Amino acid sequence: MEFVAQPFQIRAIRREDIRQVLEVERDAFPTLWPPTSFKKEMQNRLARYLVAVRPRTLMTEGVSDSGETGGPDPLTSDPAPPYGAWRRWLESLRRLLPSMSGSQSREFLLGYLGLWKVVDDSHIISVGVRTPHRRLGVGESLVIRAIETSLEWRIRFITLEVRVSNLAAQALYEKYGFKKMGVRKRYYRDNNEDALIMTTDPIATEEFQREFQHLKGVHAEKLARHLVLDIPVTS
Ligand SMILES: CC(C)(COP(=O)(O)OP(=O)(O)OC[C@H]1O[C@@H](n2cnc3c(N)ncnc32)[C@H](O)[C@@H]1OP(=O)(O)O)[C@@H](O)C(=O)NCCC(=O)NCCS
């Protein structure tokens, strides 16, 4: 049995991710309509979309991500490959239509985060993780990278809106120094729920950075422990 060096990686979104990122959006925000135009967002110079991905070949041996035993993870493993003439036909079609290659992505997308640069602030637009892959540190890794991106942009504060009922997301943001600054009444159109406005202190200060680096270190250790305990893979 072997262990991979990283359970997943965070990188900028690519065109071939769009199909999967829409799947994650539907899972994380079932009432959102219309779906985000990720294609358009990718052309926006003031937006940065990050995704958490892992290779599809990274299959669990005996333990699935949902904690069930018995065989490869059905969510990340590919269906049985087609053979013979049918396979050759599919391959040539794929070469002819590069946009189809997204449906055969070698990477499995676990979650995403959208960040906008708004004047001197950055704004976390959305963060979502597939339901079976929550509580594994994916959301936290995305928020860490959003803070790092904001530092690269020389942004002072990061801000966001979150449903008052969304205690899981609030806990994640609070962990990284976001504070409740106010309420936008009836902000969400699906159920008229209020939004909390949460904002960081200035992110480039020594104080913020000390705590941020500490949390990052603890998170990296936790991911490494998950790897050894929970995510064995076959070569
Ligand atoms: C919010 C969300 C992105 C968190 O992603 P995740 O990958 O499960 O989160 P992580 O495993 O990285 O958790 C990091 C921290 O977030 C907090 N957290 C996450 N889920 C939590 C839960 N269900 N209950 C309490 N705290 C939670 C904890 O502080 C956790 O740190 P800990 O593990 O040290 O306790 C995920 O639940 C999700 O996609 N929800 C639906 C979409 C959504 O609500 N997005 C936010 C909109 S603003």
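The values are calculated or read from the model by the stated rules, or taken from the named source; none is laboratory data. Predicted model only: the values in this text are computed from it and were never measured. Cβ placement follows ideal geometry from the backbone for every residue including glycine, while neighbour counts extend to all protein chains displayed.
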For the subset of the range 134-170 comprising residues that are touching a residue at least 40 places away in the same chain (Cβ under 8 Å) and within 6 Å of the ligand (Cβ to nearest atom), which member is farthest from R225 (Cα to Cα)? A169
Of the residues S101, S122, S92, which is away from the ligand (no atom under 13 Å from the Cβ) and at pLDDT 95 or above? S122
Filtering the range 179-234 down to residues that are surrounded by 13 or more Cβ atoms within 10 Å (Cβ to Cβ), β-branched (V, I, T) and at pLDDT below 95 yields I231, V233
Scope the range 175-217; condition more than 14 Å from the ligand (Cβ to nearest atom), of a type in the set (S, T, Y) and within 15 Å of V162 (Cα to Cα); matching residues: T200
